[in-house]
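Trainee: Provided herewith is a single structure, encoded as structure tokens, for subsequent inquiry.
The values are calculated or read from the model by the stated rules, or taken from the named source; none is laboratory data. In this text, all values refer to a predicted model and were calculated from it rather than measured experimentally. Quick reminder, even Gly has a Cβ in these numbers, built from the backbone with ideal geometry, and neighbours come from all protein chains shown.
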């Protein structure tokens with residue numbers, strides 16, 4: 001129940017980012033189109049280059065966003081397991097962690113859940129652990145209380 005709400009919240013966050021990036025992309029496209037109509041010269045070339053760089057950055061961000069969306073879809077399709085893996089929502093003595101796209105803290109039902117990648121330092125520590133096991137992260141013991 002908590003996991004499905006979390007996934008829906010993450011999907012909404014990613015969709016909002018997509019809308020923002022596509023809007024920025026359209027603005028940059030329009031700027032490029034209007035810049036080609038202005039006069040030639042050094043200022044013109046500099047402006048065109050800045051617009052080009054901005055569009056490249058937006059394209060890179062969109063690519064990363066689509067990777068995160070794909071990772072969230074994969075995480076959401078993984079069934080519950082006794083072993084922590086991609087898509088696991090883990091309650092630990094340090095708090096809640098969701099192994100999926102790295103989105104930082106997401107609030108669901110007044111809980112702050114850290115959405116971390118499986119390749120993040122904490123993600124790597126948690127992977128493969130089971131309920132009841134104790135591990136260590138940065139010299140702090142972590143008890144795995146439950147896995148959803």
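Trainee: Any residue at all in the range 88-96 that is closer than 26 Å to residue 14 by Cβ and in contact with a helix residue (DSSP H, G or I) (Cβ under 7 Å, 6 or more places away or on another chain)?
Mentor: Yes, the range 88-96 contains at least one residue that is closer than 26 Å to residue 14 by Cβ and in contact with a helix residue (DSSP H, G or I) (Cβ under 7 Å, 6 or more places away or on another chain).
Trainee: Please go through the range 110-148 and give me each residue that is in contact (Cβ under 8 Å) with a residue 60 or more places away in the chain and within 20 Å of the chain's Cα centre (by Cα), ordered by number.
Mentor: Scanning the range 110-148 gives 111, 113, 115, 148.
Trainee: Scanning for something surrounded by 16 or more Cβ atoms within 10 Å (Cβ to Cβ), modelled with pLDDT of 95 or more and in contact with a strand residue (DSSP E or B) (Cβ under 8 Å, 6 or more places away or on another chain), does the range 74-83 turn up at least one residue?
Mentor: Within the range 74-83, not a single residue is surrounded by 16 or more Cβ atoms within 10 Å (Cβ to Cβ), modelled with pLDDT of 95 or more and in contact with a strand residue (DSSP E or B) (Cβ under 8 Å, 6 or more places away or on another chain).
Trainee: What about residue 14, is it surrounded by 11 or more Cβ atoms within 10 Å (Cβ to Cβ), in a helix (DSSP H, G or I) and either at pLDDT 95 or above or touching a helix residue (DSSP H, G or I) at 6+ places or on another chain (Cβ under 7 Å) (or both)?
Mentor: yes
Trainee: When you look at residue 74, is it touching a helix residue (DSSP H, G or I) at 6+ places or on another chain (Cβ under 7 Å) and either in the same structural domain as residue 26 (by TED's automatic domain parsing) or assigned to a helix (DSSP H, G or I) (or both), yes or no?
Mentor: It is false that residue 74 is touching a helix residue (DSSP H, G or I) at 6+ places or on another chain (Cβ under 7 Å) and either in the same structural domain as residue 26 (by TED's automatic domain parsing) or assigned to a helix (DSSP H, G or I) (or both).
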